[in-house]
1. Modelling each spin label as a point 7 Å along the Cα-to-Cβ direction, I'd like the residue 575/residue 491 distance in nm, to one decimal.
2. Between the alpha-carbon centers of the range 541-610 and the range 455-503, tell me the distance in whole angstrom.
3. Assuming 0.36 nm per residue, please report the length gained on full extension of the stretch residue 28 to residue 414 beyond their Cα-Cα distance.
4. Can you compute the FRET efficiency between residue 228 and residue 313 using 1/(1 + (r/R0)^6), with r the Cβ-Cβ distance and R0 = 25 Å? Round to the nearest 0.05.
5. Taking Cα pairs under 8 Å and at least six residues apart, what relative contact order does the chain come out at, in percent?
6. Taking the Cα atoms only, what angle lies between the long axis of helix 2-22 and the longest principal axis of the chain, rounded to 10 degrees?
7. So if R0 is 25 Å, what FRET efficiency would residue 564 and residue 381 give, r being the distance between their Cβ atoms, rounded to the nearest 0.05?
8. Quick one: net charge of residue 553's neighbours, Cβ under 12 Å, K/R +1, D/E -1?
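Since every read-out is calculated from the coordinates, none of them should be taken as a lab result. Note that the coordinates shown come from a computational prediction; the quantities given were computed from them, not determined experimentally. Cβ: placed from backbone, ideal geometry, glycine included. Neighbour counts: every protein chain shown.
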Amino acid sequence: MHRLVLVMTNAVDVFNRALQILRVPPNISCADWADEHFYLSSESSNTSGKWKTTPVQKAILNSFGNDSIEKVDFFKPTRFGGTKMDIAVMFYFIAHKRRNVCFYQPTDNDRDEFVKAEIQPAIRDCPVVFDKLLSKQDKSSDNTLSYKAFTGCNAFFKGGHTSKSYERMTLDCVILDELDQFASDVGGKGDPSTLSWGRVRNSLFKKQITTSKPTLEGFSLIEKTSKSALDLLLFYVQCPCCGGFAPIEWGGKDVAHGFKWQDRNADTVIHICKLCGQGWGNEKLGEALQTGYWQGENGYKTYDGLEWFKDDKPCEPPRHIAFKCWSGYSQLTTWVQLVQEWFDALKDIKKIQAFTNNVLAETWSLENKGSLTDELIEGILPVDDLSEIVAITAGADVQDDRIEVQYVGHDKHNNIYILGYEIFYGDMNDGDVYIKFGTSVLEKRYKTGDKVRKVAHCCIDTQGHNTQMVHEFLVQNRKKHKHLFIGINGTANSTYEIADKAGSYKGVKNSQFYSIGVNVIKQKVFNAIKNYDQETHAFRIWSGATLPRDYAKQLTSEKMEVRRTNGIDKIVFTNKKQARNEALDTLVYALAGKAYIKKHRGRLGKRMFD
Ligand SMILES: [Zn+2]
């Protein structure tokens, strides 16, 4: 029985092989075909000449051309050659497989420009495609911007913004370039992926290729269409340090691996390996890519897009697969350039979004749009000039093992200058730590232009830890240094910045504190940072300031949201991750110090800020 089955299998194999030999033309993979026949035209490329498939592009191109794979989605970064890959596979289908193809661009205008600038020079420079073009004359009805007839097949070029573009044609392959720029619902008939799939559904060799830089999370069309893929593959490279395989990652400040640099100097960028923690440079990229492979969380793996593995066992190619990589894999740019672009993006939250979409090929969360990001704060270039400052205040927060204090300068134009930060550790039931803190605030001096300024007021939160000790400290110091240390009590719902009258604390004789409107002041902080631009920014960090390592992160620990209760909109601040936020609190308290000057220092306050 077993023997018989074996014989039968062999017979089928022999038959299949015979069939393959009979097939004309001989089978050649898309990447091999492109290397042999595809050219980069001088009009549309920085480097003209013969196309050479890179190790990262190989499996994507071969999946595009693989008859067993029906749908391929590619999250493509800039400067990776993504659009050229779309053209290469289209030519492969026309010249090698004689398939009917439609290439979609977002609009008719995009299509016109694309065909003139990219397709026509590419056909001219690619002899095997040019030879199959039925009419070599541009004016012929067989050779227009929207339709070109070839020996044995047709090629259409369409703008994807009207439902008409998805009617009538009988196709084998549809290619949608820059999918996220398409309308998400075309004329009320559906999304472009679904509509174009309708044109190829009945083909024996049905194929849909979508490529795009992603846009907004939840709205991105490439994200949506790739959700039904059997796997999302990332490219794993061999680490030159430890020999292990892992994706190249941007990383970010919060993780230990990925791109890292020193002292804001892009030239120092290296990639820190997730597996061994060692760093390697851009010059080793070419070699590292050679042995790389694509792998996804669902267990699919391929080296070349032709042979596939599932959980390390050979398998049929997946019917629908998605690829994602970012510009860090590209040999058309350098890592130094990418980091320089990042520094440039840090000036503006919109540029951070563009970098995220285009270079990292990641979607951008709408949540980021409405809130502060620590990148935004890190991108603020420090200022040297403190000459406009008219007053300095401090804000202090008492924790159960330390006092944190932030020093802030104010000018007449509501600009905020972050001057410094100190943390005093100690036993909070003991007076020593209060004395150390008090002395430091008292002796603090900043040179602002020609003047040397002292701290005018230091607001201390009396509500947190050790209320009793804090009030005792305040009462003792009020006699010696009138107005220097002010007790405050934060309230969320007050509409003022600081109350008109002081309250008192039962436990300590002669104690007093002012209620402050925390949310009113926080809104000012958020607006100051978000409105940041280099010329008129309201939030400035002094170049001489020493700040905690995670200062930016602490400042962005809370999100500003509008909540409607009983028909009234109210702004609330939430700290979902329960992250440390003393930097934000002490900044708010320091700004309460400015409110104190304006409200409680009479003519002096007027003279300072009017
Ligand atoms: Zn390593």
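1. In this crude spin-label approximation the distance works out to 2.1 nm.
2. Comparing the Cα centres of the range 541-610 and the range 455-503, I get a distance of 16 Å.
3. Working: separation 386, 0.36 × 386 = 138.96 nm, distance 6.81 nm.
Computed gain between residue 28 and residue 414 is 132.1 nm.
4. On the way: r = 24 Å, r/R0 = 0.94.
For R0 = 25 Å, the calculated efficiency reads 0.60.
5. Numbers: 1196 pairs, mean separation 66.6, N = 610.
Worked out over the chain, it gives 11 percent.
6. Taking Cα atoms only, the helix is inclined about 80 degrees.
7. Numbers: r = 38 Å, r/R0 = 1.53.
According to the calculation, E is roughly 0.05.
8. Values: positive: 253, 549, 577, 580; negative: 254, 374, 375, 378, 550, 558, 582.
Net charge in that neighbourhood comes out at -3.
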